[in-house]
Amino acid sequence: MIQLKAQLEKGSNTIGSWITLGHPAIAEIMSKAGFDWLAIDLEHSVITIREAEELIRIIELHDVSPLVRLSANDAVQIKRVMDAGAHGVIVPMVNSAEEAAKAVKSVCYPPVGTRSIGLARAQGYGADFDRYVDWVNREAVTIVQIEHVEAVHNLENILSVDGVDGFIVGPYDLSGSLGIPGRFNHTKMKDSMQKIQSVGSLSGKALGIHIVEPDPEQLKERIVQGYKFIAYSVDIRMLDEACRAPFRTR
């Protein structure tokens, strides 16, 4: 299985995708496709914690790193998805160093963090507890989402937090915070993206971005630009594009 944290620390390219449909077949198909990681989305989907555990299991069994995009920077939800076996979390709307530190501490056990300790799937239902304690503080991944103009202003401080492995830009919310929702070619958006890329490149942390529409050429472009944690599209957009393709020539 890919050691995602080590890959990010080395500056290797990692390509993942987003799961919003809770059916096991979706996770199985995408896990076999070649992605390095897959993020189960709890923010903009109806996936439950129970369904997330099943998807995590499927992804992990295919030697892909299962991550969970949270609905909020919430210590209880982080604890539950990590206990379910997630290899890390993607934390939405992180706008300050304090919020980033809160996320890291919620992922890790003492003395590194403050996460409460229980026995569940991640700990082998108790049988692998010692191994998991050693693993989680060394290997669990924390990715913060930069999706608000306030986060852009505070990016250097956010990325200086120990335990933050990288960031991923949330383009829709970022454009919304600039008052130009969905207008990615607007000057305000381009300026913000340039600042994010400049600050991120100097941080030593993995630069991340979400390519929402399935576009291989944009993927190549983002790799050239130095992005290392790239979310390539999302299950529903890939499905929608594939379904519509035969009818574009009519």
For the subset of segment 78-100 comprising residues that are in a helix (DSSP H, G or I) and either in contact with a Phe, Trp or Tyr (Cβ under 7 Å, 6 or more places away or on another chain) or not hydrophobic (A, V, I, L, M, F, W, C) (or both), which member is nearest to Ile58 (Cα to Cα)?
Asp83
Scanning segment 213-235 residue by residue, those surrounded by fewer than 19 Cβ atoms within 10 Å (Cβ to Cβ) and either small (Gly, Ala, Ser) or assigned to a helix (DSSP H, G or I) (or both) turn out to be Pro216, Glu217, Gln218, Leu219, Lys220, Glu221, Ile223, Val224, Gly226
Can you spot a residue in segment 108-124 that is more than 15 Å from the chain's Cα centre (by Cα), at positive phi and at pLDDT 95 or above?
yes
Inside segment 137-161, the number of residues satisfying the requirement of being surrounded by fewer than 23 Cβ atoms within 10 Å (Cβ to Cβ), closer than 21 Å to Ala86 by Cα and out of contact with any helix residue (DSSP H, G or I) (no Cβ under 7 Å at 6 or more places or on another chain) is 2
Are any residues in segment 72-120 basic (Lys, Arg) and either under 18 Å from Ile158 (Cβ atoms) or in contact with a Gly (Cβ under 7 Å, 6 or more places away or on another chain) (or both), and if so, which ones?
Lys102, Lys105
Within segment 174-206, can you find the residues that are of a type outside the set (Ser, Thr, Tyr), within 30 Å of Val136 (Cα to Cα) and surrounded by 13 or more Cβ atoms within 10 Å (Cβ to Cβ)?
Ile196, Gln197, Val199, Gly200, Lys205, Ala206
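The values are calculated or read from the model by the stated rules, or taken from the named source; none is laboratory data. Predicted model only: the values in this text are computed from it and were never measured. Ideal geometry is used to build each Cβ from the backbone, glycine not excepted, and the neighbour counts take in all protein chains shown.
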